[in-house]
Amino acid sequence: MKILVLVKNVPEVAEAELEIDQGALDLEDLEMVVNEWDNYAVEEAVRITEASGGEVHLMTLGNEDDEDVLRRGLAMGAHAASHLCDEAFDGSDPATLARVIAAAVKDGGYDLILTGVQSADLGQASTGVLLAQELGLPHATMAIALEPGAGEVVVTRELENNTSEKVALPLPALVTVQSGINQPRYVSIMGIRKVRKMTIEQIEADDLGLAEESLGAAASMVDSQSLALPPMGEGAQMLEGGLDSVCDQAAAILREKGGLA
Amino acid sequence: MNPLRTPFWGVEWAWLFYLLAALALAALALGLWEKISLWAQGRRAAPVASHKHPLGAILADVFLGRRIWRGEASAGLMHLMLLWGFLGLFIGTCAVAVDHYLVSFLQGKIYLWFSAGLEVCGLLLVMGLLLALTRRWLLPVSRLERRPDDTLLPLWLLAVACGGFMVEAARLAASRPPWEDWSFVGYGLSGFFPSAQAARELFPWLWWAHAIISLGFIAWLPWSKLAHAIAAPASLYLQGQPLAVLAVAAEEGDLAALGLRHLLHLDACTRCGRCVEVCPAAQAGEPFSPRDLLRRARRQARLKYSPLYRLPWLRGRRQALLERDRAADWEVAWYCTTCRACLEVCPVQAAPIEMIRKLRAGLVEQGSTVPPQLMDVLEKLHRYGNPWLAKKGAKAGWAQGRDIPDLRKSGPEVDWLYFVGCTTSIDTRAQGMARALSDVFTHCGVSFGTLGKKEPCCGDIARRLGEQGLMEEQIEATQALLNKQGLTRIICTSPHCLDTIKKVHPLFTEEGLPLQVLHYSQMLHRLWQQGRLFFDHPLPLKVTYHDPCFLARHNRLVDEPRQLLRAIPGLELVEMADHGLNSLCCGGGGGRMWHEIPGQANLAVRRLEQAAATGAELVVTACPLCLIMLEDARKTGGFEDKFAIIDLSELAARALGLAATDREAETNP
Ligand code: SF4
Ligand code: SF4
């Protein structure tokens, strides 16, 4: 089975102090890491090929530094990687990105395309589905289990309230992968060093035969106007003290405001 | 008549004996060849230097079994009797062969003394064997296992020794030579034969039985745990070898590429169980035993590298066993706290700390069995240079309000670099150590600076967790910074940083700056000796001192902290049951600070039970990890109203009357 996984390099923000600089996130003190959902997707793809053969290809769209995310995936066991890297792509909205990626993917002969459910930075959760649309492939989102079989893949999708459903898609298909589908492996520094010499295919706008007008902000329907940190709300009240005391205080407030019967 | 020995006296079919002997020797040779070929592969993987330990000490360890006596005289006595009994008989047998086939010299007085000597050796052997069996079966020496070969081997050897005496007794009873009383044991036994005739008739039977049992033993020798007779001396000879910097590629795989020293360890181990007895994880009831790990490693090494397992019909079995062992190793790889207690007591210096590191390196490289908590720690270390926070530049929070030069920027216009370390600079409890130390240094007029909010990680955690590549990167980055700023004299808060910077960093620095690396307790001790540190605030407290493993065992620093404590007026120091080089680990080393193993016992609670037994009102330690582990255990183990936990640095600040750092007030009794 030939599997393509789309991956993205994103800033890790969980514990960081964020600063906005001229309408954009100040990346100075932030670490770029593989998008969490994509990491699960790569692991899933590698496991499938480890179990039943095949090849895993990776693809990312981003600037030069984002090559790291491909190296990391190669170290996990992917077989090849492509890097869509061109200033012309800057400012694209998900639909435009999907068109670019579709142009790069369409002749690849992939049986299965995996992406993360969403990216940790913009969180639009739409590039994957739009790509399926561009390629005319059946798709399923929020996969928490994949069972590839002959000519099809059975996908368990996570639904609301602890329910799930199983769908069978004929191959080729596109699936977006939810976190927790597996336990991704650790990628050691040695592992990354070992794949340092593998060549990564570089793809620019020209290679895809796309006209400049169909790329970037100009071609996009959605544009980012400004970025701001959510203001600290008036009503926020910080509870101080040990765990028990915080719980007691919280319960008291809930009771007082009528939140507890 | 000239006393002499008559070989094959009264025995026919000597050819059969030669045939059996040839077979036994072939088995012996095959066993030895297998081992030697394994060791040779190890030597190619990692060459070793000649002995680094004083030769006299090595010889005493080998021929007197000094390390075996320690803590258990009956074990020492048993081994001494077995060793010299066996060795004497071995030399005797060789002498007989030389006498028979080369030059005849066993005649007259020499022969008589020779006979008497062999009697003594035989007796020693029998007594040693009886003591061994008693210890294993009648005395409750709980560390000893009772596996089939643990019993069969001494019984077999006992049969060899007793058989020898019986053969001799029969010969003496049948022929009654005038010098018979020189062979005093055989002579004593010869009385049991009713007549010379009966002895003469029984003799061939006894002789053949003895011959067959002895030859069987020879054949079994290299395949049994008696192989330690060769491997243990070799292992002792190679102790104290410098850490080898193996190209990481050579460490690939699980227990592969072990190197000669570690392969010798595998055969040197006699499964005596001393390591299990002191291992904090094993003793807390966790499903881990250093002895079992070593045993498995031995089997794996054989399966992988032994020429015998290349034989086609053993291959299938080989694969199955390898898979099984690998799964077992995954499960136990993360229990070890690298406390070094096992190595301290191992009679043959074989206990498996280094091997565990290699095992971890294999698992980290392979990736999919690394526990998620440790993955998270390694990723934080890689991205943010600390195991605690996903945040850069978070290492100077403790220093707020203190004016300490940042040596990343200004270079060496101070005498000392104070290397604070990840945990001390970030963990709120341990930060008290940094504050106390910087105040004490300032008070004593020590000129020092730190590496500020972006102090690099020294690489210790990556090393202990087997992340070789990350360790290398961190060490190189740290060394590059130190070189650039010309910093050569370092004081560490953590014994873990001390150990790594002192022992491992030099292997990675080409410039080779003359590093002087001290633990802060050494520095305080120096200041005290120079009269620059004078404790003028009496602390009338009963305290006990918990030796951090990396200070005591790994770096042999046990007296300095104690002398400092005794220098505090009014303070009374009492010792816990396990202290000094025998200290009991708090459970925070080897990455376990960041790894909660499901259902794990709290090792630190066991330590605090010992502390409670001393009646001390304060438990002092000298390591940020110990401090945190003990502090947590104090809360979870119900010791809160018994005693407080404090670091030596904080106690020193108090004994100097320095403004109590914020945290101290909270922990004072
Ligand atoms: S490693 Fe050492 S202490 Fe442990 S069982 Fe083997 S010989 Fe004994
Ligand atoms: S170093 Fe300590 S924890 Fe590890 S095996 Fe040895 S005794 Fe056990």
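The values are calculated or read from the model by the stated rules, or taken from the named source; none is laboratory data. Since the model is a prediction, treat every value here as computed from it, not as a measurement. Counting neighbours? That spans all protein chains shown, and the Cβs are built from the backbone with ideal geometry, glycine included.
Structure data summary
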| read-out | value |
| --- | --- |
| The listed residue being under 30 Å from B:G401 (Cα atoms), among the aromatic types (F, W, Y), crowded, with 24+ Cβ neighbours inside 10 Å and in contact with a Leu (Cβ under 8 Å, 6 or more places away or on another chain), out of B:Y545, B:Y520 | B:Y520 |
| Those residues of region B:306-334 which are more than 12 Å from ligand 2 (Cβ to nearest atom), aromatic (F, W, Y) and closer than 20 Å to B:L363 by Cα, in sequence order | B:W330 |
| Where B:A297 falls short, out of the listed (1) surrounded by fewer than 24 Cβ atoms within 10 Å (Cβ to Cβ); (2) over 23 Å from B:K503 (Cα atoms); (3) within 14 Å of ligand 1 (Cβ to nearest atom) | (1) |
| Unmet criterion (only one of (1) of a type outside the set (F, W, Y); (2) under 16 Å from the mean Cα position of the chain (by Cα); (3) within 14 Å of ligand 2 (Cβ to nearest atom)) for B:R296 | (2) |
| Test: residue in region B:403-422 that is touching a helix residue (DSSP H, G or I) at 6+ places or on another chain (Cβ under 8 Å), surrounded by fewer than 23 Cβ atoms within 10 Å (Cβ to Cβ), within 14 Å of chain A (Cβ to nearest Cβ) and closer than 25 Å to B:C623 by Cβ | no |
| Count - residues of region B:525-560 that are part of a helix (DSSP H, G or I) and touching an Asp or Glu at 6+ places or on another chain (Cβ under 8 Å) | 2 |
| Selected residue [among the hydrophobic types (A, V, I, L, M, F, W, C) and within 14 Å of chain A (Cβ to nearest Cβ)] from B:L363, B:L437, B:L451 | B:L363 |
| Any hit, region B:508-529, residues being modelled with pLDDT of 90 or more and under 30 Å from B:G362 (Cα atoms) | no |
| Which numbered condition B:K380 misses (of (1) crowded, with 22+ Cβ neighbours inside 10 Å; (2) closer than 30 Å to B:R295 by Cβ; (3) within 11 Å of another protein chain (Cβ to nearest Cβ)) | (2) |
| Residues located in region B:383-402, provided they are among the charged types (D, E, K, R) and within 14 Å of chain A (Cβ to nearest Cβ) | B:R383, B:K391, B:K392, B:K395 |
| Any hit, region A:148-167, residues being touching a residue at least 12 places away in the same chain (Cβ under 8 Å), touching a helix residue (DSSP H, G or I) at 6+ places or on another chain (Cβ under 8 Å) and hydrophobic (A, V, I, L, M, F, W, C) | no |
| Members of region B:306-319 that are touching a residue at least 40 places away in the same chain (Cβ under 8 Å) and in a helix (DSSP H, G or I) | B:P307, B:L308 |
| Subset of region B:264-286 that is within 12 Å of ligand 2 (Cβ to nearest atom) and charged (D, E, K, R) - its residue that is surrounded by the fewest Cβ atoms within 10 Å (Cβ to Cβ) | B:E277 |
| Meets criteria (away from ligand 2 (no atom under 16 Å from the Cβ), assigned to a helix (DSSP H, G or I) and surrounded by fewer than 23 Cβ atoms within 10 Å (Cβ to Cβ)) for B:L303 | yes |
| Test: residue in region A:181-192 that is closer than 24 Å to A:D38 by Cβ and more than 14 Å from chain B (Cβ to nearest Cβ) | yes |
| Answer from A:A16, A:A51, A:A41, A:A45 - the residue that is assigned to a loop (DSSP other than H, G, I, E, B) and either surrounded by fewer than 20 Cβ atoms within 10 Å (Cβ to Cβ) or away from every other protein chain (no Cβ under 12 Å) (or both) | A:A16 |
| Exclusive hit being within 14 Å of chain A (Cβ to nearest Cβ) and either at pLDDT below 90 or surrounded by 24 or more Cβ atoms within 10 Å (Cβ to Cβ) (or both), set B:G466, B:G486 | B:G466 |
| Residue count, region B:349-403 (criterion: in contact with a strand residue (DSSP E or B) (Cβ under 9 Å, 6 or more places away or on another chain) and under 28 Å from B:G259 (Cβ atoms)) | 0 |
| Residue that is nearest to B:L221 (Cα to Cα), among those in region B:90-117 that are crowded, with 16+ Cβ neighbours inside 10 Å and without any contact (Cβ under 8 Å) to a residue 60 or more places away in the chain | B:G92 |
| Answer residue from region B:616-643, given it is closer than 21 Å to B:F535 by Cα and surrounded by fewer than 24 Cβ atoms within 10 Å (Cβ to Cβ) and is farthest from the chain's Cα centre (by Cα) among those | B:E617 |
| Residue ranges of helices (runs of 4 or more DSSP H) in region A:175-257 with at least 3 members more than 26 Å from the chain's Cα centre (by Cα) and either over 30 Å from B:Q373 (Cβ atoms) or of a type in the set (D, E, K, R) (or both) | A:243-256 |
| Residue within region B:328-340 that is within 14 Å of chain A (Cβ to nearest Cβ), under 25 Å from B:V370 (Cβ atoms) and either within 16 Å of ligand 1 (Cβ to nearest atom) or at pLDDT 85 or above (or both) present | yes |
| Subset of region A:193-221 (residues that are touching a residue at least 24 places away in the same chain (Cβ under 8 Å), away from chain B (no Cβ under 14 Å) and under 30 Å from B:A361 (Cα atoms)) | A:M198, A:I200 |
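Here is a yes/no grid of residues against (1) farther than 18 Å from B:N386 by Cβ; (2) without any contact (Cβ under 8 Å) to a residue 60 or more places away in the chain; (3) within 14 Å of chain A (Cβ to nearest Cβ); (4) not hydroxyl-bearing (S, T, Y):
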| residue | (1), (2), (3), (4) |
| --- | --- |
| B:S447 | yes, yes, no, no |
| B:C457 | no, no, yes, yes |
| B:I461 | no, no, yes, yes |
| B:M471 | no, yes, yes, yes |
| B:T493 | no, no, no, no |
| B:E510 | yes, yes, no, yes |
